[in-house]
Amino acid sequence: MATLDFDVIVVGGGVAGAACAALLAGHGRQVALVDARRAHFEPSAQDFDPRVVAISPGSQRVLAAAGGWQRLDPGRLAAYHRMAVHSASLGVTFEAGEHGLDQLGWIAEIPALQSALWQALEDDARVQLFAPVAWERADLGHEVVRLSLDDGTVLRAGLLVAADGARSRLRQRAGITLDEWHYNQKALIGPVRTAEDNSGLAWQRFTEHGPLALLPLPDGRSSIVWSQPADRAGQLRSMNQSDFVAEINRHQDSPLGEVLEVGERHLLTLVRRRARQLVRDRLVLLGDAARSVHPLAGQGLNLGLMDAAALAEVLENWNDGDPATALKHYQRWRLSNGALISGGIHAINELVRAPAGLGRHVLGLGFGLARQLWPAREAFVQRACGLDSDSPRLARSRSTA
């Protein structure tokens, strides 16, 4: 049985975990990345992967620093420079140029992001990939952690990063309490073609059934994300195309015109999760293992990438000693930031579900007020783009853009 020593072990090679491994290696750490599957992405010439995500400018800088962004195919990225949000009869629009930005964000395929980061890791001699492999035993010591893999290998390190998703086995192993809210909602996602090509608009309306978003795709289509009660979402997924097109057009009035056709539809169950602590001795939670949020603001993966950048920042000066002080800083920082963002998203989602459309009218009034208040709009953009003062230094640094 071989025992291998590293500075850090990262379990979970999704986008947040892979970015974390790359950033830590960039600071000179010897890193082991463990995952049950090896990242692989074969882009289809016929269509885009339905698993798309909004990437903020701050997250784009984190991905660039991790070596992933520059490996993406620009032809499969859709930038958006305008964002419009509506509820009831009022709304607010944000333009990138008004806030000193070239873009407000990009829509990217999650598998493409993961694959690009893995390519960067494969080129980094300080990273060793263990995949496909599963771990059988985790010994979470006060000074060292040991991870026993199912191929007989034992990994030993001073720090263990749990980036193994919303149902994190490592979080369970550490006995960290998790709070959950089941929304009884599902997000219906899929590509649609509208009368006008989408050339850079992220549009959202809070409908009577839940928030409906149209996000740009590189070929001029849009990806819809329509969160609504689970039973109704299932009915919409099973509708024939003409009935579904008619139904979505009854609820959207975007500048893109009517929806003309829709591609394959998928459902995503919506659950809010929040770990009550992010650190237990030498174990630290990151990404979906730390929290998962409602998709109405497109912040889920961005929060995970900010976790990765924040962890790399607090560990910048860590040597072989006890990282407790740095990890306490990480926990305070990311618990506070995550609670603020996820709590705000949760509150909005609950507000718009108020009876008789009252919540949507209140939210619309808020949008109308924000339209008149420039400081509020600027603060919102800075926060949503990962560029505010509470964001990691890496996300705010234009040198990585």
Worksheet item: Among the residues of the stretch 60-94 satisfying the criterion of being hydrophobic (A, V, I, L, M, F, W, C) and in a strand (DSSP E or B), which is modelled with the lowest pLDDT?
Response: Leu90
Worksheet item: So which residues in the stretch 81-120 are acidic (Asp, Glu) and crowded, with 17+ Cβ neighbours inside 10 Å?
Response: Glu109
Worksheet entry | Where a residue in the stretch 381-400 is free of Cβ contacts under 8 Å to residues at least 60 places away in the same chain and over 18 Å from Gly97 (Cα atoms) and its partner, wherever it lies, is in a helix (DSSP H, G or I) and of a type outside the set (Asp, Glu), with Cβ under 7 Å and at least six apart | Asp390/Asn337
Worksheet item: If you go through the stretch 31-54 one residue at a time, do you hit one that is closer than 18 Å to Glu313 by Cα and of a type outside the set (Ser, Thr, Tyr)?
Response: yes
Response to the item:
Checking Arg272, Arg332, Arg276 in turn, the sole residue that is at pLDDT below 95 and among the charged types (D, E, K, R) turns out to be Arg272
Worksheet item: Before we move on, is Asp322 modelled with pLDDT of 75 or more, of a type in the set (D, E, K, R), farther than 27 Å from Ile107 by Cβ and not in a helix (DSSP H, G or I)?
Response: yes
Fill in: Residue ID - modelled with the lowest pLDDT, chosen from residues in the stretch 302-319 that are among the hydrophobic types (A, V, I, L, M, F, W, C) and crowded, with 23+ Cβ neighbours inside 10 Å
Leu303
Practice prompt. Would you point out which residue out of Ala78, Ala108, Ala125 is of a type in the set (A, V, I, L, M) and farther than 28 Å from Gln299 by Cα?
Written response: Ala125
Worksheet item: Among all residue pairs at least 6 apart or on different chains, which show Cβ distances below 8 Å where the first residue, located in the stretch 224-248, is under 17 Å from Ala195 (Cα atoms) and the second is in a helix (DSSP H, G or I) and of a type in the set (Val, Ile, Thr)?
Response: Ile224/Ile248
Worksheet item: From the set of residues in the stretch 38-53 that are more than 19 Å from Ile224 (Cβ to Cβ) and modelled with pLDDT of 85 or more, which is surrounded by the fewest Cβ atoms within 10 Å (Cβ to Cβ)?
Response: Arg38
Response to the item:
If we keep only residues of the stretch 123-168 that are hydrophobic (A, V, I, L, M, F, W, C) and in a loop (DSSP other than H, G, I, E, B), then the residue nearest to Gly13 (Cα to Cα) is Ala163
Worksheet item: Taking the stretch 15-34 as the search range and keeping residues that are surrounded by fewer than 24 Cβ atoms within 10 Å (Cβ to Cβ) and of a type outside the set (D, E, K, R), which one is farthest from Ala289 (Cα to Cα)?
Response: Gly28
Worksheet, complete the sentence: Condition set within 19 Å of Phe94 (Cβ to Cβ) and at pLDDT 90 or above, scope the stretch 383-395, selection surrounded by the fewest Cβ atoms within 10 Å (Cβ to Cβ): answer is Asp388
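The values are calculated or read from the model by the stated rules, or taken from the named source; none is laboratory data. All of these numbers come straight from a predicted model, not from anything done at the bench. No Cβ is skipped: glycine too gets one built from the backbone with ideal geometry, and neighbour counts run over all protein chains shown.
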